[in-house]
Each structure stands twice: as structure tokens, then as C-alpha cells.
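Working notes, beginning with the structure itself.
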Amino acid sequence: MSIDIGRIPRSQAIQKSFTGLSWASVFSAFIYPGLGVAMVLTMTVLGLALEGLHLYWWYAPVALAVGAFTVFLCNQGIGPLHRVWQHRAGELKLPAQIFVMFNCILAMQGKLTDWVNYHSQHHRHSDQPGDPHNPAEGKFWAWVGWILWRDPEDMARPMPGWLAKIPAVNIGDRFYNSFSVVLHLLVPIAVYAVVWALGGSLIFTAILHGTVVIARGVQFHATTLGINVCGHLKMPTWVTYALAVLTGGEAFHAHHHAFPRSVLHLPRKGFWNRMIDYNGSVLLLLEKLKLARNYVFAPQFA
């Protein structure tokens, strides 16, 4: 079905049915994080119930640290993808491109061609019919409905010309499914095998693995719910800052729409500005390391 995105709300124009679900999106958004929760709960129950299996108090802080680092890494995919590749606020050299591509796959962002095409439509029709995740069409739709039910024509859009010039994007999109299987399945299997061979704790390993999966899900929903919905509504300042911590600064959405082509979402100076807008801080670090160049800054942040 062809959609007149200029006039018809996408939530109405796109056919929604159980058979029309994007099961890859269902898995990424709900099933995979649910498996992570189940894994952590199961390991905890087994550790408490069975003799010979031990749980130690320090498992909890280590797991929290691993979860926080996972959120950070996921944001180092989405942040540069959004600011640099989507809005062309600079250039990344090949090592930095590979770093971003890896983290986008960790964050389960799908093919970058689709990501950029969807986001381009969002800016072109922001909060209007044609916006892929317009919160005026329903908060559930803006949160996950737009990725659970997709228009086939959206997925058939070609890679934008400027994106096609980035080697890591071409490689990542061409081999996205293969890389995903390696990163999310084969690497964990290899880690379990090494831990088992060295006589380490498989229960601790499973808790950390489950934590990584959960943290990836938390970051995913902080982005889709926190930015696509909350970012387009009037929210208390503390909510915006809490979401910014989970998204590396991407939740400062009003600033972003006012000046989309900016590497920073908070001022360059100020310790807390750089801690909260840490996606921008990492991009500044890449520039210092000569792995990025030609950055664009919002005038007030230059």
C-alpha cells in the first residue's frame, strides 16, 4: 500500500495486524530483554536454592557497573550515528567508524540505512502526519508501534548518498545479520566456553550476560520512549536530565530540533555538562585523537 505521508497519519495508513508484525523488532524490543531478566532471576534463584552454587554480595555492584558500561557503549553507537552520520555534524575516520558501527549493532539499531531514512522523515514532518513516530498519533505508537508495524516501502528506500560514502556503514548494513549473530550469540558462547575451561563461575557469567541484555533493553526504551514520546512533550527538567543520562545527552530534544546539526547538546564547558552529554564528550575526544574532524557546533556551544 502506498502511503501519502504528507497527509495521512502513518499510524492510520500502515496496516496493523498480528501477521504484519515485524518480529525482528518484537524480539529486539521485548523478547530479548525479557530473556535477560529471566536469566538473571533464574541464576539468582538457583544460587540461593542449590548447594554448591554460590552468590556473593559483590556480584551486584559488578553487574550494575557492567550494565552501566553497556548503556554507555550503546550510546556510542546511537550518538555518533545521530549527530555525525545522520545530521552531518562532522566526519569520522575509519577506526572511529568501526567503533560506532560495532556499538550500533550492540544496541540492535538495525540497518543504518533504515535508521537514517526514518529519522529524516521525522525531521521533515516533525509532529505532523508523515512523522514516523508522531506522539500526537498515540504514545504507544510513538514508543514502539512504528517499529512493530512497518510500511514495506520504508524498508525499500535506498541508502542516502552521503551515507553511502562511509565505508563502515556499507559494511555494517551489508553484513548486519551476520555481525549480529556473532556479537549477540557466538561471542557469549565463546565467553561461556572460556570461563568453563578455566574453571570460573558460570552462574556469575550468566548474571553478567543477562545484565548486558537488560541494559541494552533499558537503553533501547530510554531512546524510543524517552525521546520519541517524552522529548516531544513538556516534561519536568529532572525527567529530561534522567533520560539524558540514559541516552548520552540525546534526550535534550528541544535543543536538537532547534539546531539539529550540532556535535554537542550541552555547552562545551562545565564538568556536569560533559558528564551528562557524554556522547558529545566522546566525540570531542575522538577529535583530540585525530579520529574525527570538521565538527559543527550550535552557535551557543562553539
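Name the residue, out of Ala197, Ala190, Ala206, Ala244, that is within 30 Å of Phe301 (Cβ to Cβ) and aliphatic (A, V, I, L, M).
Ala244
Restricting to segment 122-151, count the residues that are closer than 14 Å to Ser11 by Cα and either in contact with a Leu (Cβ under 9 Å, 6 or more places away or on another chain) or outside any loop (DSSP other than H, G, I, E, B) (or both).
So the count comes out to 15.
If you check every pair at least six apart or on different chains, which have Cβ atoms under 7 Å apart with a residue in segment 242-263 that is touching a residue at least 40 places away in the same chain (Cβ under 8 Å) and crowded, with 18+ Cβ neighbours inside 10 Å first and a residue that is among the polar types (S, T, N, Q) and assigned to a helix (DSSP H, G or I) second?
Sorted first by the residue in segment 242-263, then by its partner, the pairs are Leu246/Gln219; Thr247/Asn75; Thr247/Thr223; Gly248/Asn75; Gly248/Asn279; Gly249/Asn279; Glu250/Thr223; Glu250/Asn279.
Quick check on segment 223-241: of everything there that is among the polar types (S, T, N, Q) and in contact (Cβ under 8 Å) with a residue 60 or more places away in the chain, which residue is surrounded by the fewest Cβ atoms within 10 Å (Cβ to Cβ)?
Thr224
Quick one: in segment 189-222, which of the residues that are over 20 Å from Leu35 (Cα atoms) and of a type outside the set (Gly, Ala, Ser) is surrounded by the most Cβ atoms within 10 Å (Cβ to Cβ)?
Top of the filtered list is Val195.
Name the residues in segment 196-207 that are part of a helix (DSSP H, G or I) and without any contact (Cβ under 8 Å) to a residue 40 or more places away in the chain, would you?
Hits for segment 196-207 are Trp196, Ala197, Leu202, Thr205.
Looking only at segment 145-152, decide whether some residue is of a type in the set (Phe, Trp, Tyr) and buried (at least 20 other Cβ atoms within 10 Å of the Cβ).
The answer is yes, given that some residue of segment 145-152 is of a type in the set (Phe, Trp, Tyr) and buried (at least 20 other Cβ atoms within 10 Å of the Cβ).
Kindly check whether there is at least one residue in segment 97-104 that is among the polar types (S, T, N, Q) and touching a helix residue (DSSP H, G or I) at 6+ places or on another chain (Cβ under 8 Å).
Within segment 97-104, one or more residues are among the polar types (S, T, N, Q) and touching a helix residue (DSSP H, G or I) at 6+ places or on another chain (Cβ under 8 Å).
Name the one entry in Gly249, Gly231, Gly210 that is in a helix (DSSP H, G or I) and either modelled with pLDDT under 95 or closer than 19 Å to Trp115 by Cα (or both).
Being in a helix (DSSP H, G or I) and either modelled with pLDDT under 95 or closer than 19 Å to Trp115 by Cα (or both) holds for just one of Gly249, Gly231, Gly210, which is Gly231.
Can you spot a residue in segment 15-23 that is out of contact with any helix residue (DSSP H, G or I) (no Cβ under 8 Å at 6 or more places or on another chain) and among the small types (Gly, Ala, Ser)?
yes
Give me the residue from segment 88-104 that is touching a residue at least 24 places away in the same chain (Cβ under 8 Å) and surrounded by fewer than 20 Cβ atoms within 10 Å (Cβ to Cβ) and, out of that set, nearest to the chain's Cα centre (by Cα).
Within segment 88-104, the match that is nearest to the chain's Cα centre (by Cα) is Phe102.
The values are calculated or read from the model by the stated rules, or taken from the named source; none is laboratory data. As the structure is a prediction and not an experimental result, all values here were calculated from the model. Cβ coordinates were reconstructed from backbone atoms using ideal geometry, including for glycine residues, and neighbour counts include every protein chain displayed.
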